[in-house]
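A.B. asks: Okay, here's the structure, questions in a sec.
The values are calculated or read from the model by the stated rules, or taken from the named source; none is laboratory data. Every value quoted in this text rests on a predicted model; they were computed, and no experiment measured them. Ideal geometry is used to build each Cβ from the backbone, glycine not excepted, and the neighbour counts take in all protein chains shown.
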Amino acid sequence: MQRLRWIGLGLLLALLPARFAGSDEMPWPEGQSTQELHGLKVILDLPKGIASMQAVSLVVILHGAGGTAEGMAGALRAWPADGYVVCAPKAKGQTWSPDDLVRVLRIAAELKRKLPIDARKVHVVGYSNGGWNLTPIAFDDDLKPCSATWVAAGFGGGGSPPKWAVKEMGAIALAGAQDANLRAARDTVRQLHEKVRSVEVRVQPNLGHQWTDALMPYLRWWMGAMEGRFEPGVDMNFEWGDSVDAAVKALENQKKGGVFVYVFDTEADKTNEHAKRLQNEVFMDLAVRHYGNQLRAVKLERAAAAEWLTALKVKLKATPAVVVLKRDGKLKKVLQGKIKASKLASALRGVAPNRKRPLD
């Protein structure tokens, strides 16, 4: 009987992924390496110390026509330092075929089995031709990415987002201002609005059909937000200033406009779900973005905002808070604590120069 127990345990260990079988060794080395997985060449970049990590993230990135796995892995070279496993496969030909994409999904599944990857922290990126072929990867019911990124491309149809995407997936399209694919990138918002958790487009000035390198800091922050990373006040949704006076002064010669001020508490908001939701969801709402981007945005820590709030006769009862000002600096609206996207969008619309609703 004892012998049978040991045999049973041995069979169980043999079936478990390597990291669970009592070994601290990973199936692939830390740092960047070249592998052959499921018939495709793959550049893997694993975080330092991954063997002792509990839940890392995964980014699968598809190259453009004639591109290389090395180029795509290099574009995300900074990601592993934030706990991301970067997987850059190479298509068998110059462009991606349906067979290649099936192999990519198998590679991703193997990485999830053999590495300490959190299934809720999977991201997919497609550049140019890789973007046009991203849909089968982005909408795969087994992979279930929490974010999908089209670079120098856009969502071109070819499938409807699954129901889980409405709550679980963020989508973004990045393109150069002179890229012929800019229209498709912008149309991604219209096509995926209300079909995914959030969707947006970002444009890099003075750039043609190339990798949007200047937008990578935003993408890196955005991916973290999509998987639930949060630090009070560390927000890139808007181009934040740090002076209300300067924001009001900048509107002196403008006929229309306004200012909105985000007030946060660095310590108290760390465990504040309302603060996390404001940064990771409410600020990303399509209408909030539409009206907010027309205004001057200021971000202040609660202690730094105290004197200004007192002068404005605003009694701050809770954070987070958003204070909306008219063009002359006079108070328009104060929202505190649990802030709904619809309420914030309405407050911002009240002072926005263009009050037409987004997508109209």
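A.B. asks: Any residue that is touching a residue at least 60 places away in the same chain (Cβ under 8 Å), in the same structural domain as Ile107 (by TED's automatic domain parsing) and buried (at least 16 other Cβ atoms within 10 Å of the Cβ) - is there at least one of those in region 159-173? Spell out how you get there, then give the answer.
C.D. replies: First, pick out the residues of region 159-173 that are touching a residue at least 60 places away in the same chain (Cβ under 8 Å): 170.
Filter once more, so that each one left must be in the same structural domain as Ile107 (by TED's automatic domain parsing): 170.
If we keep only those that are buried (at least 16 other Cβ atoms within 10 Å of the Cβ) as well, we get 170.
Yes - at least one qualifying residue is present in region 159-173.
A.B. asks: Which one is surrounded by the fewest Cβ atoms within 10 Å (Cβ to Cβ), of the residues in region 309-323 that are under 11 Å from Val261 (Cα atoms) and not β-branched (Val, Ile, Thr)? Break it down stepwise before answering.
C.D. replies: So in region 309-323, the residues under 11 Å from Val261 (Cα atoms) come out as 309, 320-323.
With not β-branched (Val, Ile, Thr) added as a condition, the list becomes 309, 320-321.
Details: Leu309: 19, Pro320: 26, Ala321: 24.
So the residue we want is Leu309.
A.B. asks: When both residues are 6+ apart or on different chains and their Cβ atoms are under 8 Å apart, which pairs have a first residue that lies in region 68-86 and is assigned to a loop (DSSP other than H, G, I, E, B), and a second that is surrounded by 15 or more Cβ atoms within 10 Å (Cβ to Cβ) and among the small types (Gly, Ala, Ser)?
C.D. replies: The qualifying pairs are Leu76/Ala88; Gly83/Ser57.
A.B. asks: So, Glu252, is that one in a loop (DSSP other than H, G, I, E, B) and either of a type in the set (Gly, Ala, Ser) or outside the structural domain of Lys343 (by TED's automatic domain parsing) (or both) or not?
C.D. replies: no
A.B. asks: Could you please tell me which pairs satisfy a Cβ distance under 9 Å, a separation of 6+ or placement on different chains, a first residue in region 144-158 that is at pLDDT below 95, and a second residue that is among the aliphatic types (A, V, I, L, M) and surrounded by fewer than 24 Cβ atoms within 10 Å (Cβ to Cβ)?
C.D. replies: Gly156/Ala184
A.B. asks: Something else now. Specify the residue that is farthest from the chain's Cα centre (by Cα); the eligible residues are those in region 203-226 that are in a loop (DSSP other than H, G, I, E, B), touching a residue at least 40 places away in the same chain (Cβ under 8 Å) and surrounded by fewer than 19 Cβ atoms within 10 Å (Cβ to Cβ).
C.D. replies: Among those residues, the one meeting the criterion is His209.
A.B. asks: Of the numbered conditions (1) farther than 25 Å from Asn280 by Cα; (2) not in a loop (DSSP other than H, G, I, E, B), Thr95 satisfies every one except a single condition; which is it?
C.D. replies: (2)
A.B. asks: Among the residues of region 28-42, write down those that are within 14 Å of Lys90 (Cα to Cα), assigned to a strand (DSSP E or B) and of a type outside the set (Asp, Glu). Can you show your working first?
C.D. replies: Residues of region 28-42 that are within 14 Å of Lys90 (Cα to Cα), as a first pass: 33-42.
Now narrow it down to the ones that are assigned to a strand (DSSP E or B): 33-37, 40-42.
Listed by number, the residues that qualify are Ser33, Thr34, Gln35, Leu37, Leu40, Lys41, Val42.
Residue-wise test of (1) closer than 20 Å to Arg220 by Cβ; (2) not aliphatic (A, V, I, L, M).
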| site | (1), (2) |
| --- | --- |
| Ala75 | yes, no |
| Lys92 | no, yes |
| His123 | yes, yes |
| Tyr127 | yes, yes |
| Asp142 | no, yes |
| Cys146 | yes, yes |
| Ser160 | no, yes |
| Trp164 | no, yes |
| Gln178 | no, yes |
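A.B. asks: Further question: Can you name the residue in region 179-202 that is outside any loop (DSSP other than H, G, I, E, B) and out of contact with any strand residue (DSSP E or B) (no Cβ under 6 Å at 6 or more places or on another chain) and is also surrounded by the most Cβ atoms within 10 Å (Cβ to Cβ) among such residues?
C.D. replies: Taking region 179-202 first, the residues outside any loop (DSSP other than H, G, I, E, B) are 182-192, 198-202.
Next cut, out of contact with any strand residue (DSSP E or B) (no Cβ under 6 Å at 6 or more places or on another chain) only: 183-184, 187, 190-191.
Values: Arg183: 10, Ala184: 21, Asp187: 16, Arg190: 12, Gln191: 18.
Among those that are outside any loop (DSSP other than H, G, I, E, B) and out of contact with any strand residue (DSSP E or B) (no Cβ under 6 Å at 6 or more places or on another chain), it is Ala184.
A.B. asks: Residue check: is Gln32 in the same structural domain as Lys167 (by TED's automatic domain parsing), touching a residue at least 12 places away in the same chain (Cβ under 8 Å) and touching a Lys or Arg at 6+ places or on another chain (Cβ under 9 Å)?
C.D. replies: Considered against the rule, which asks whether it is in the same structural domain as Lys167 (by TED's automatic domain parsing), touching a residue at least 12 places away in the same chain (Cβ under 8 Å) and touching a Lys or Arg at 6+ places or on another chain (Cβ under 9 Å), Gln32 comes out as yes.
A.B. asks: Next question. Please go through region 334-353 and pick out each residue that is under 15 Å from Arg296 (Cβ atoms) and either surrounded by fewer than 15 Cβ atoms within 10 Å (Cβ to Cβ) or in contact with a Gly (Cβ under 9 Å, 6 or more places away or on another chain) (or both). I'd like the intermediate steps shown before the answer.
C.D. replies: So in region 334-353, the residues under 15 Å from Arg296 (Cβ atoms) come out as 347-348, 350-353.
If the condition is that a residue be under 15 Å from Arg296 (Cβ atoms) and either surrounded by fewer than 15 Cβ atoms within 10 Å (Cβ to Cβ) or in contact with a Gly (Cβ under 9 Å, 6 or more places away or on another chain) (or both), then Leu348, Gly350, Val351, Ala352, Pro353 are the ones that fit.
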